[in-house]
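What follows is a short report on a single structure.
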Amino acid sequence: MMTHDQYLATRRFGALDGVRAIAAVLVVFFHFGGPTWARANGWIGVHLFFVLSGFLITTLALREEARNGRVSLAEFYIRRVFRILPVYYVVIGVIVVYAYFKGLGLRHSGIVATLPWNVVFLGEYHQMPLFGQAWTLGVEQKFYLVWPLLAFGFGALAFVKRLSLSLGLVALMLALIPFMPYAGAYSPILIGCTLAIVLHHRKGFAALRVFTHPVVGLVVAAALIAVQTEFGEITAFLHDEGGSITGTGYVLLAALLVPSLVAGGPLAWVLSLKPMRFIGERSYSLYLVQLVIASVLGGAIPQFAPQRTMTAIAVTVVGLMAADLLYRWVELPMIDVGRRIIERRRAKKKAAPAAETTEPALAKV
């Protein structure tokens, strides 16, 4: 089993790319696979994305705080802006251009009416044609805006305070489900945050260390798959209208799977293979382009218009080709731009104290 020091020394969680790959493909098959894939409940892939987002963002922030004594919120937001926004807006532009030349009618189709909402990441309230899945980005962007401020904007918080904050927010979001649309979508992200807080703390890691064992990881994975494939039956048995209890159980299992994937083992090895990593790294763009790719394929090849297995496979393959272009030409270059901006900011900060110490000497001369 992994030790806490080994966990803190691990700089890359390669197996999580494989989880992202599975999550993205699950969503594609949910949208286009038809009745054959109904039992897979591919919509739940969104929850996997959410858990990983909360875990990774909070882990990076906690480690930055441990190194530097604080988290630079400015640098955090710069990284998020250049990671999320460029390809998001490129895909929106592609959809608008495609709809215009396809003759769908920008006003008649609802694109004009919903475009402003999606531009400012409020797509969960007004979903845009060919871009309806982007509601999840609206949820994540609000999380990115608020969580770092609460958890790291007021200096280093004690473990108990930060853990209480994340658990309190999870409970609040779950309680707001009957009253606020999409409130429940925030709880998986916050459960991922909670996992990161627990694992970063030595005693917290000790409490969850058993989950770093590869065999335990396989058991958790099996339970996760069972809940996913039997989701409807479980909700019926529990009289869980809306599935919030069953969904939260699934999310907790997903979170408890992460330690074994970080620690390594057979499952982590499979999820770290090059094909899984390839899809995982392009999962964001694949997720964004899936609906417009399906429309293009269905229009060009009538056999791909119905929802069935071959359609889902075609959308996945062609979507990955488009996602690879976006990854190479938009995502990576813009991430690099963000890095350069951060490096310049850091260089200016280092130069400022040097200038302050030389000015008095020059004045004396």
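Of the residues ASP240, ASP324, which is charged (D, E, K, R) and touching a helix residue (DSSP H, G or I) at 6+ places or on another chain (Cβ under 6 Å)?
It is ASP240.
Which residues, counting only those in the stretch 333-350, are closer than 26 Å to LEU26 by Cβ and open to solvent by 80 Å² or more (accessible area, probe 1.4 Å)?
Listed by number, the list is empty, since nothing qualifies.
List pairs: first residue in the stretch 71-82 and closer than 19 Å to PRO333 by Cβ and aromatic (Phe, Trp, Tyr), second residue part of a helix (DSSP H, G or I) and open to solvent by less than 50 Å² (accessible area, probe 1.4 Å) anywhere in the structure, Cβ distance under 6 angstrom, at least six positions apart or on different chains.
As it stands, the answer is PHE82/ILE335; PHE82/VAL337; PHE82/GLY338, since those pairs meet every condition given.
Tell me yes or no: at least one residue of the stretch 180-191 is without any contact (Cβ under 8 Å) to a residue 40 or more places away in the chain and over 29 Å from MET2 (Cβ atoms).
yes
Of all residues in the stretch 111-151, which are within 16 Å of GLY192 (Cα to Cα) and more than 15 Å from the chain's Cα centre (by Cα)?
Those that are within 16 Å of GLY192 (Cα to Cα) and more than 15 Å from the chain's Cα centre (by Cα): VAL146, PRO148, LEU150, ALA151.
Return the pair list, or none, for Cβ contacts closer than 9 Å from residues in the stretch 331-345 that are on the phi < 0 side of the Ramachandran plot to residues that are open to solvent by 80 Å² or more (accessible area, probe 1.4 Å) and hydroxyl-bearing (Ser, Thr, Tyr), at least 6 apart or on different chains.
Close Cβ pairs (under 9 Å, with a partner that is open to solvent by 80 Å² or more (accessible area, probe 1.4 Å) and hydroxyl-bearing (Ser, Thr, Tyr)) do not exist here.
Among the candidates GLY298, GLY319, GLY265, single out the residue that is over 30 Å from SER72 (Cα atoms), touching a Pro at 6+ places or on another chain (Cβ under 7 Å) and surrounded by 12 or more Cβ atoms within 10 Å (Cβ to Cβ).
GLY265
Find the helices (runs of 4 or more DSSP H) located wholly in the stretch 272-330 whose residues include 3 or more that are of a type in the set (Val, Ile, Thr), and list them.
By residue number, 283-300, 309-326.
If I ask for residues that are hydroxyl-bearing (Ser, Thr, Tyr) and under 20 Å from GLY264 (Cα atoms), which ones from the stretch 168-225 would you list?
Correct list: THR212 only.
The values are calculated or read from the model by the stated rules, or taken from the named source; none is laboratory data. As the structure is a prediction and not an experimental result, all values here were calculated from the model. Please note: Cβ atoms are built from the backbone with ideal geometry, for glycine as well, and neighbour counts cover all protein chains shown. What goes into the accessible areas is simple: the full protein's heavy atoms, side chains included, and nothing from ligands, DNA or RNA. Shrake-Rupley method; radii C 1.70, N 1.55, O 1.52, S 1.80 Å.
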